[in-house]
Structure formats: structure tokens, C-alpha cells
Amino acid sequence: MSIRHALLNKTLLNKAQHTNVLLKTVSTLGLILTFATTAHAEITARMGTSLPEAHPQTLGAKKFAELVEEKSDGEITITVFSNGILGNDVNMTSMLQSNTLDFTAPSTATLSSLNPDFNIVSLPFQFDDSEHADAVLDGEAGRALLASLDDKKLVALEYWENGFRHMTNSRRPIETLEDIEGLKIRTMQNALYIDLFNGLNANAVPMSVNELFTAMETRTVDGQENPYTVIDAKRFFEVQTYLSRTAHAYDAQVLVASAGFMQSLDDAQRQLVREAAREATLYQREQSRAMNEELLSELQDKMTVNVVADSERQRMREALAPVIQQHTQALDPAVVTQFQAALADAR
Ligand code: EAX
């Protein structure tokens, strides 16, 4: 074989080896890419809220979804359906339990149907301000309540703020305890709230918040009670004349996941969902507080707003003593002791 021929053969052999290595590299890269893509298979989730886009409950939900997508590099995406489009708080909570919805954020008042001890949060006139509520709810007493839903096919992640609840109605300003007498007041579908307003000599009419605007528009009810953010977001000022700043109870919502969805994730994914939930909570509370302040002045332009004197709020609290005692006695004594100690410690 001539030297030239031999050299040509060697070159061709090198090229073939080179091509072979190249082919192996490409196929290995292809495998890695496929694996990577499979490993990043899209996990899609749905979250329902009962309040409109502009309410901090839905703002918090969208921030939560954004953070989960960011922390999972697009692996997990959550679509938010707001304003009760998927159902009311009661419906959506049971959809989580049947694994047909993945996240929602109902009031603790709604969750009390699953664990009556959640009513300890809704007892009237017990929180001094939002920071006091944070300290108690983020502490052991609040965390223990969240853990109590573990055996209800739910994973309760964090407390969000709905805020201090105030009364509105279409008949008269509420300046004294007696002004409440005889008013038909919508309440959440919760035995404690029904008893509270009947205990103030109103006529409590329980219904979901989705039905409330029409009920006030048709005078089926005279009034309702909610934080400024709900009064504004649901446009209750269009069908209510008087806003009386009773601040009679603090309402917390709970960011809840379906246990089925959380179990479908791996440990790292569950951890990132919890981290996103925590960060979204701080954002949600910040939005709620900023908006509640800002909206009070806006509502003053749309409604007749009055402060309720502390002396009258104290009279309301005294009038409610039998209801408070009755509902406190219905709770787990250990929960009551822990919560009341937390309230005192956080002051
Ligand atoms: O849970 O039903 C109510 O009045 C609640 O404040 C609100 O919808 C969020």
C-alpha cells in the first residue's frame, strides 16, 4: 500500500472515529435533553378565591402562583380563578378535599365546619391590631390549628389577612348597641357569627358572599359586616349607605392546599411550595393593610362613615358575653388555654 493510500486510510479512520464519537455525544446529549424535559414535565395546579381580582386574597393568590413558578423554574404553574367563579368558600374547600381543586383561601369561619376550634380566631373583640393577630396566628397556637386539618385531606399552609370586620347597612348609622336592634344582617355561614348578630338583637341571615350584593340591592337584608377591602372590592357601597367602624372581629383566611396535590409532589417541590406560601403571606398581609387604610378614605367619599365609640364597642362586647362563653365552652379546652395565653403574651 502506498504511503499516500495509507495516509488516506488513516485520515478516513480518524474521521470515522471522530464521527462515531460525535454521534455518541449527540445521542447522549439527546438523552440528557429528553430526561431534562421529562424531569421538567409541567405540573399544573388550580387555585380558587372567593373575592375579586383587586382584593388582597386574590392578589396574594397571584403572588403565590408567581413565586411557585419562579422557584420551580416553570415546573409548577398555578392558575388563579377569582371572585367565586369556581364556587363559594364552602364549595371550594370541599373541592380540595375531593382533589378537584388544588388551593383556596377561605376564612377561618368557613374552616370551623371542619374543626370548630377555628372559631377561636373569630371570637369578637379579642385582637388589638393586625400585628397582634400575626403574633398569635404565626405562633404555636395558630400553627396547631393549621395542623388540625391534616386529617381532613387538607394541608393548611399560612394565615392570610381579610382584616377587621365593620358593619354596613342601608337604614341608619350604628353608633350605639341599640342601633343594631332589628336590622337584618347577613353573616358568614358560621354558627358563631349567626349567634353573635342575634346576640346583638339583629336578625342574622347566613349566606355566601357571592349572593350578598343582590340580597342588599333587593333589601332582603339591611346590612352585612366585612373589612373595607371586601366592601370596596365587592362594591357594597353601591347598595349600602352607612359604614360603622365596629371592628367587632378580626377575620383571617387560610391558604390551604389539597393533600392529594401536595402528596403528588416530591420533597423538594413541597418545600418550595411552602417557601412560596410564606413569602406570599408577607406580601398579602402588606397589601391588605395598605389597602384597608387607603380604602377607608375612599369609602368616606361614597358612604356615610362613623366611628363607633370604644365605650359602645365595650357595651357590645358585654352584651355578647353569653354568646362568647357558649362558643368558647364548645371548643377544646387545651386550644382555648393555649390561644388565650398567646393573646396575653403577644400584647
Ligand atoms: O372569606 O364571606 C365573607 O364575608 C368573607 O369575609 C370573605 O368572603 C372571605
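Some notes on this structure:
- The listed residue being under 17 Å from the mean Cα position of the chain (by Cα) and open to solvent by 20 Å² or more (accessible area, probe 1.4 Å), out of S130, S107, S113, S122: S113
- Any hit, the range 37-46, residues being over 21 Å from A259 (Cα atoms), modelled with pLDDT under 95, outside any helix (DSSP H, G or I) and more than 15 Å from the ligand (Cβ to nearest atom): yes
- Boolean, L123 is farther than 20 Å from R274 by Cβ, away from the ligand (no atom under 14 Å from the Cβ) and touching a strand residue (DSSP E or B) at 6+ places or on another chain (Cβ under 9 Å): yes
- Verdict on R245 being surrounded by fewer than 20 Cβ atoms within 10 Å (Cβ to Cβ) and over 25 Å from Q287 (Cβ atoms): no
- Selection from the range 159-185 of residues that are open to solvent by 10 Å² or more (accessible area, probe 1.4 Å) and either more than 19 Å from N306 (Cα to Cα) or assigned to a loop (DSSP other than H, G, I, E, B) (or both): S170, R171, R172, P173, E175, T176, E181, G182, K184
- Checking each residue in the range 266-287 for being away from the ligand (no atom under 16 Å from the Cβ) and open to solvent by less than 10 Å² (accessible area, probe 1.4 Å) picks out V273, A276, A277, A280.
- Residues of the range 90-118 satisfying the condition of being touching a residue at least 60 places away in the same chain (Cβ under 8 Å), closer than 20 Å to K63 by Cβ and part of a helix (DSSP H, G or I): L96
- Out of K152, K184, sole residue that is within 16 Å of the ligand (Cβ to nearest atom), farther than 19 Å from D251 by Cβ and touching a residue at least 12 places away in the same chain (Cβ under 8 Å): K184
- Top-ranked residue in the range 198-208 [being part of a loop (DSSP other than H, G, I, E, B) and open to solvent by less than 50 Å² (accessible area, probe 1.4 Å); ranked as nearest to the ligand (Cβ to nearest atom)]: S208
- Verdict on A65 being among the aliphatic types (A, V, I, L, M) and within 14 Å of the ligand (Cβ to nearest atom): no
- Looking only at residues in the range 211-241 that are open to solvent by 30 Å² or more (accessible area, probe 1.4 Å) and under 29 Å from Q326 (Cβ atoms), the one that is farthest from the ligand (Cβ to nearest atom) is T220.
- Flag for T49 being of a type in the set (V, I, T) and either over 14 Å from the mean Cα position of the chain (by Cα) or open to solvent by 10 Å² or more (accessible area, probe 1.4 Å) (or both): no
The values are calculated or read from the model by the stated rules, or taken from the named source; none is laboratory data. Just so it is clear, the model here is predicted, and its values are computed rather than measured. Every residue, glycine as well, gets a Cβ built from its backbone with ideal geometry; the counts of neighbours run over all protein chains shown. What goes into the accessible areas is simple: the full protein's heavy atoms, side chains included, and nothing from ligands, DNA or RNA. Shrake-Rupley method; radii C 1.70, N 1.55, O 1.52, S 1.80 Å.
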